[in-house]
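Data first, discussion second: the structure below is written as structure tokens.
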């Protein structure tokens, strides 16, 4: 069962990686305050001063708030099939903390992304009720984690390339 979930999430990640290749649309810059005020805001938190929106020819869309001239900040990716990513982005790719969900399968990943892939710590909830919580490497469960099946069965231990590895 989890094998199908891994394939679905891999397809979602592939779309997340490719979503940055769409055509850029309008860009809006916010009015900047006085330099002193802006420096004070930077000390307290990140100031998102640019909004970027685009839609690619396939109908997928992206909208985000970015800092300066970099496409780095917070974004939302929406795909025509209903899949959605909300979280941190870098160069229009999921990078940092975010939530990726599949409307069709019901799978949802909440965790770290690197270069558009699940990478680092996260929680993957499958549409069938199973949950994996632990380490990911290049989109697959890898390292220490806990897999809890829909019926309550549980494996705690090592994972390698998306599969339980070792005695647990």
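The values are calculated or read from the model by the stated rules, or taken from the named source; none is laboratory data. Just so you know, these numbers come straight off a predicted model, no measurement behind them. Cβ placement follows ideal geometry from the backbone for every residue including glycine, while neighbour counts extend to all protein chains displayed.
Worth pointing out:
- Total residues in the stretch 146-168, condition on the phi > 0 side of the Ramachandran plot and either crowded, with 16+ Cβ neighbours inside 10 Å or at pLDDT 95 or above (or both): 4
- Looking only at the stretch 105-131, and only at residues there that are over 16 Å from residue 90 (Cβ atoms), free of Cβ contacts under 8 Å to residues at least 24 places away in the same chain and in a strand (DSSP E or B), the one that is farthest from the chain's Cα centre (by Cα): 131
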